[in-house]
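Visitor: My questions all concern the structure below.
Please treat every number below as a calculation from the coordinates, not as lab data. Please read these numbers as outputs of a predicted model, since none were measured by experiment. Here the Cβ is made from the backbone with ideal geometry for all residues, glycine too, and neighbour counts use every protein chain on show.
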Amino acid sequence: MIRLADSDTRSSLPAPGACDLSSLNTFALESLAPACVSLHDEADLPRLATLAKRYDALLVLGGGSNVVLPPKVRGLVARVALRGVRLAGEDARMRIVEAAAGESWHGLVAHCVEQGWGGLENLALIPGTVGAAPVQNIGAYGVELCERFAGLRAYDLLREEWVDMDASQCGFGYRDSVFKREPGRWVIASVRVTLPKPWRPVLEYPDLQRHPRLVGAPSPRDVFEAVCEIRRAKLPDPAVLGNAGSFFKNPVVPAAQYEALRARFPGLVGYPQANGGYKLAAGWLIDQCGWKGRRLGPVGVHERQALVLVNHGGARAADVLALAEAIRRDVENRYGVVLEPEPVVVPGASERT
Ligand SMILES: Cc1cc2nc3c(=O)[nH]c(=O)nc-3n(C[C@H](O)[C@H](O)[C@H](O)COP(=O)(O)OP(=O)(O)OC[C@H]3O[C@@H](n4cnc5c(N)ncnc54)[C@H](O)[C@@H]3O)c2cc1C
């Protein structure tokens, strides 16, 4: 990785300052952090461990695209701004690319595609940073990060030591990992991805199978452009309408429950899973309960995507949580299925001030 300053003589982080996070979260929720620092260098991570001891809580923040932030964040906020991308290894079967946690995820995908390196293109246009990608094992259009994951370097704030973690140590699941289960324990500094050779497009997702650009022998760039096109058409742009992408995870239910539900609701959308269960389309369940396009105060359900909750302006986290709870209740009453939020709900989010 290219470093412009390789001798960092500071021994501590600058004193934390107050920060308005309202424009630093894609939901555009009003949120203030009384104490905020930025991490620009790997050496800042052990320093953060020392500083964080003075606070009740620590929130590590990347691009703010998968969080529900409270009006006033408790404790210390650490914004990850480490930069750099490099080709870390290559042989006949693969390339390993390493990127610092503060790089934009989509920027990394675009960089790989520009070099002609396939492997990440299905994950194009997912907002946020590289460092947050393992936290919920990001996934889209038939590919999850864990399928391209080579390892990561993180600082363990509990043990106060650097760790190198492989996929099994990260405990990846569907939109899940140890980082989501133990928030605030690790600060991810860099992530390594494996780009397979030879490259083969992953086109199982129905929208990709139908896409005119992807007939014949598509290149990584063709898949990248198609994914970007589909996403731009389907998802609201957070710069225009605040949102955090899918608000609920697709629930996985046992086969017997799926069959019983299908008998009552023949249109039910479900996909068989390796564990014998079925993943239900949460968007379909929400839509069937009549929520698509509905508003509750300053928030609502997107008019084309029932899975996406949006901020029509001036919303606070409590507004989002009230809407999410109303939807969750309706879906549970009608289908007996409990929806779980996908974004990280930061402590204090239910408070009004
Ligand atoms: C329009 C839209 C579309 C989206 N589409 C998808 C999609 O297709 N698939 C998908 O999986 N997600 C999607 N998301 C969700 C989101 O983009 C991803 O989860 C993304 O990885 C979050 O990155 P971030 O940097 O914004 O993380 P943040 O929101 O800042 O943080 C999310 C969590 O990660 C933790 N975290 C962040 N950085 C670090 C770090 N360096 N070390 C340790 N912990 C860290 C935070 O503490 C927090 O718990 C979408 C979001 C939006 C707004």
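Visitor: Express the C-alpha Rg of region 242-345 as a ratio against the empirical globular expectation 2.2 N^0.38 Å, rounded to two decimals.
Guide: Dividing the Cα Rg of region 242-345 by 2.2 N^0.38 Å gives 1.08.
Visitor: Here's another thing I want to ask about it. Provide Rg over Rh for region 118-180; use the alpha carbon set for both Rg and the Kirkwood Rh (inverse mean inverse pair distance).
Guide: 0.98
Visitor: Dividing the convex hull volume of the alpha carbon atoms of region 85-234 by its residue count, what do you get in Å³ per residue?
Guide: In region 85-234, the Cα convex hull volume per residue is 108 Å³.
Visitor: Considering only DSSP states other than H, G, I, E and B, which trypsin sites (Lys or Arg not before Pro) in region 180-238 qualify as loop sites with at most 15 other Cβ atoms within 10 Å?
Guide: Here the sparse-neighbourhood loop sites are ARG210.
Visitor: Please identify the trypsin sites (Lys or Arg not before Pro) of region 112-165 that satisfy two criteria: DSSP loop assignment and at most 12 other Cβ atoms within 10 Å. Which are they?
Guide: ARG159
Visitor: Which aspartates and glutamates does LYS234 reach when only Cα atoms under 13 Å apart count, and residues fewer than 8 places away in its own chain are ignored?
Guide: ASP207, GLU303
Visitor: Find how many whole Å separate the alpha carbon centroid of region 241-313 from the alpha carbon centroid of region 142-157.
Guide: Comparing the Cα centres of region 142-157 and region 241-313, I get a distance of 27 Å.
Visitor: Excluding ALA226 itself, what net charge comes from residues whose Cβ is under 12 Å from its Cβ, given Lys and Arg +1 and Asp and Glu -1?
Guide: Its environment carries a net charge of 0.
Visitor: Which log10 I(q)/I(0) values, to two decimals, does the chain give at q = 0.12 Å⁻¹ under the Debye formula with one point per Cα?
Guide: The Debye formula, applied to the Cα set alone, gives -0.95.
Visitor: For the chain, just give the cysteines left without a disulfide-compatible partner, judged by no other Cys Cβ under 4.7 Å.
Guide: CYS112, CYS146, CYS170, CYS228, CYS289
Visitor: How much length, in nm to one decimal, is gained on full extension between GLU340 and ARG304, taken as 0.36 nm per residue of separation minus their Cα-Cα distance?
Guide: Between GLU340 and ARG304, full extension yields 10.9 nm more.
Visitor: Right, next: Which of the trypsin sites (Lys or Arg not before Pro) across region 12-94 are loop residues per DSSP, with 11 or fewer other Cβ within 10 Å?
Guide: Passing sites in region 12-94 are LYS53, ARG54, ARG93.
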